[in-house]
Amino acid sequence: MAYSHRTVLLEPAIDALLSPAFGRRSAEPEQAPPLDGVYVDGTFGRGGHSRLLLSRLAPGARLLVFDKDPAAIAEAQALRAADGRVEVVHEGFADLAAQLDRLGIDRVDGVLLDLGVSSPQIDEAERGFSFMRDGPLDMRMDTSRGQTAAQWLAEADQEQIKEVIADYGEERFAFQIAKAIVARRQSRPLRTTGELAELVAGAVRTREKGQHPATRTFQAVRIHINEELAQLAHALPAALTRLRAGGRLAVISFHSLEDRMVKQCFAAAAHPGRDRARLPIPERDMPQPYVTLLGRVQADAAEVADNVRARSAVLRVAERTAVPLSLDEASGFVRLPGRPVSPRGSRRAAR
């Protein structure tokens with residue numbers, strides 16, 4: 001079954017960035033007047049969020065759109081030609097701080113990160129994201145650079161493959177899958193999504209009802225090839241430190257690993273003194289919150305019925321306070337398995 005592209009949590013995400021009433025008790029929702037300022041769409045995709053955001057921004061506002069996908073960048077350039085408020089950046093959101101510096105921007109008013117794979121990426125067999133469509137085993141968000149999934153699976157050792165599938169796919173049959181992949185490549189390499197899906201299905205003997213046996217493996221390999229969690233780990237502190245007081249960071253995640261990172265980061269920034277709560281420290285000497293948590297939103301039944309890909313989406317929103325925050329401090333709020341994140345805010349540092 002083919003899906004047309006539908007932007008997930010469209011209205012809630014833009015309300016999260018702009019509406020004064022979002023996340024606060026109010027007699028009735030406020031519609032914010034057109035706003036000036038600088039905003040960032042860290043994952044342009046096909047531009048659904050960006051277009052709605054532009055419709056609510058003032059003529060003097062500025063919108064920076066990031067994406068690694070050349071097809072998304074082509075779409076963004078077309079929008080730029082029609083609306084001079086748009087600035088297009090062909091990089092992932094992990095390069096947020098470096099790109100803001102390049103453009104001479106010190107502070108921004110809002111940052112949106114939609115961490116999902118777009119429908120066109122999933123539906124185009126040649127991109128290699130889906131086990132439902134046989135195509136080259138690629139999985140790169142940016143097809144102009146980097147190692148493909150086929151290349152990595154041909155070179156990585158069994159332990160590396162097992163760790164990726166276990167850590168990023170939370171797959172309990174990771175050992176069996178990794179062993180099957182290494183055994184298969186002794187005779188012939190894995191080249192297509194169909195071949196990988198068939199191999200995994202043979203190694204996984206049981207699976208949750210309604211889930212394809214290869215679901216978790218494809219998720220894990222995609223995350224690894226695109227360094228998705230490492231990039232998120234650099235983007236979150238960069239965004240928090242570049243937001244002005246009152247600026248908002250809104251993040252839409254689609255699986256538990258991403259959502260856990262966002263949740264833990266926001267909680268640590270909102271309650272920086274939590275680990276000292278039982279110490280005899282005067283309230284005035286306790287660290288003050290760096291953000292205010294504005295809530296968590298999931299797609300309602302109507303949206304899920306219209307777009308099944310919205311069912312796992314979670315939007316979390318935080319608003320910066322005026323308390324100064326360094327990149328070193330913010331990096332301490334985010335953790336990859338077993339270690340804190342380096343404060344270097346670039347895609348290369350995440351490797």
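For this structure, a couple of remarks:
- Taking the 1.4 Å solvent-accessible surface of segment 174-262 as the whole, the part contributed by carbon and sulfur is 51%.
- Extent of segment 60-191 along its three principal axes (Cα atoms, max minus min coordinate, largest first): 59, 27, 22 Å.
- Considering helices alone, the calculated mean residue ellipticity of the chain at 222 nm is -11500 deg cm²/dmol, with DSSP H runs of length four and up weighted by -39500 (n - 2.57) and normalised per residue.
- Extension gain for Arg260 to Arg311 (0.36 nm times residue separation, less C-alpha to C-alpha distance): 16.7 nm.
- For Tyr168, solvent-accessible area (1.4 Å; no DNA, RNA or ligand), Å²: 60
- Beta bridges per DSSP with both ends in the chain, % antiparallel, nearest 5: 45
- Sorting Lys209, Lys162, Lys263 on solvent-accessible area from highest to lowest, probe radius 1.4 Å, gives Lys209, Lys263, Lys162.
- Relative contact order of the chain, taken over Cα pairs closer than 8 Å and 6 or more residues apart, is 18 percent.
- Comparing Arg85, Arg320, Arg140 in a Gaussian network model of the chain, where Cα atoms under 10 Å apart are tied by springs, the biggest mean-square fluctuation is seen for Arg85.
- Taking all Cα pairs closer than 8 Å and separated by 6 or more residues, the relative contact order of segment 35-180 comes to 19 percent.
- Rg to Rh quotient for the chain, alpha carbon positions, Kirkwood Rh: 0.98
- Label point distance in nm, Arg145-Gln160, each placed 7 Å from Cα along Cα→Cβ: 2.0
- Largest-first ordering by accessible area, 1.4 Å probe, given options Arg248, Arg222: Arg222, Arg248
- Arg24/Ala183 FRET efficiency (R0 41 Å; Cβ-Cβ; nearest 0.05): 0.10
- For segment 54-204: accessible area per residue (Å², 1.4 Å): 43
- Cα-derived Rg to Rh of segment 38-79, Kirkwood definition: 0.95
- Note on segment 149-302: Cα convex hull, mean projected area over all directions, 13.5 nm².
- Scalar couplings 3J(HN,Hα) for segment 318-333, obtained by applying the Karplus form with A = 6.51, B = -1.76, C = 1.60 to θ = phi - 60°, are 10, 10, 5, 8, 8, 5, x, 9, 8, 5, 4, 5, 5, 5, x, 7 Hz; x denotes Gly and Pro.
- Number of Lys pairs (Cα under 26 Å; 8 or more positions apart or on different chains) in the chain: 4
The values are calculated or read from the model by the stated rules, or taken from the named source; none is laboratory data. Here the structure is a predicted model, which means the values were calculated and not measured. With ideal geometry, Cβ positions are generated from the backbone for all residues, glycine too; neighbour counts draw on all protein chains shown. These area figures cover heavy atoms from the full protein model, side chains too; ligands, DNA and RNA do not enter into them. Shrake-Rupley method; radii C 1.70, N 1.55, O 1.52, S 1.80 Å.
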